[in-house]
Amino acid sequence: MAEESPKPEAGTSRRAQHFRSALSLMYKKAATAWTVEQFMECVGAWGERNPAAAATMRVQLGQYLQETDQFKADEILEKFQAYEGIDCLAEAVIEAKTAAENANSSIQKQSSKRRSSVKKMDDALDPKKVRVAMSV
């Protein structure tokens, strides 16, 4: 029995990698969206008495939120096979671009053939060229 070639890992297309990078940046920004001042308002008097502990807690909470968001989002993306879909979309876009380029080159070839045949007809109908041909 013939062995099947291994299926490429999902999410390896350039589009999927860009999507992953964008998600990673979003997790990071969302986890650190609040400023130190905003966080200090949330923790109140405790933050005023322990500013170093409050700053450490802010960083730890940000890391926790980033990891949790990323883990949960990855679960959802795997469940719905999002990266496979993005790879499929990338392949479809490449195929469409290739087909469009082939169609354009075919049209250009036909157009240049038409132009050369039209030029021949124009030359045949040119009165100056007709007189030269008749005098020979």
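Here, each number is a calculation from the coordinates, and none is a lab measurement. Just so it is clear, the structure is predicted and the values come from calculations on it, not from any experiment. So basically every Cβ, Gly included, is an ideal-geometry build from the backbone, and we count neighbours across all protein chains shown.
Remarks
- Long-range HN-HN contacts of Asn50 with modeled amide H, under 5 Å: none
- For the range 26-113, the percent of C-alpha pairs falling in each 5 Å distance bin, counted from 0 to the bin holding the largest distance, reads 3, 12, 12, 11, 9, 8, 7, 7, 7, 6, 5, 4, 4, 3, 2, 1, 0.
- Dimensionless Rg ratio for the range 63-113, taking C-alpha atoms and the 2.2 N^0.38 Å reference: 2.09
- Evaluating kT/(6 pi eta Rh) at 37 °C and 0.692 mPa s, with the Kirkwood radius of the range 11-75 over Cα pairs in the Stokes-Einstein relation, gives 248 µm² s⁻¹.
- Within the range 1-108, GluC sites (Glu not before Pro) in DSSP loop having at most 15 other beta-carbon neighbours inside 10 Å: Glu3, Glu4, Glu9
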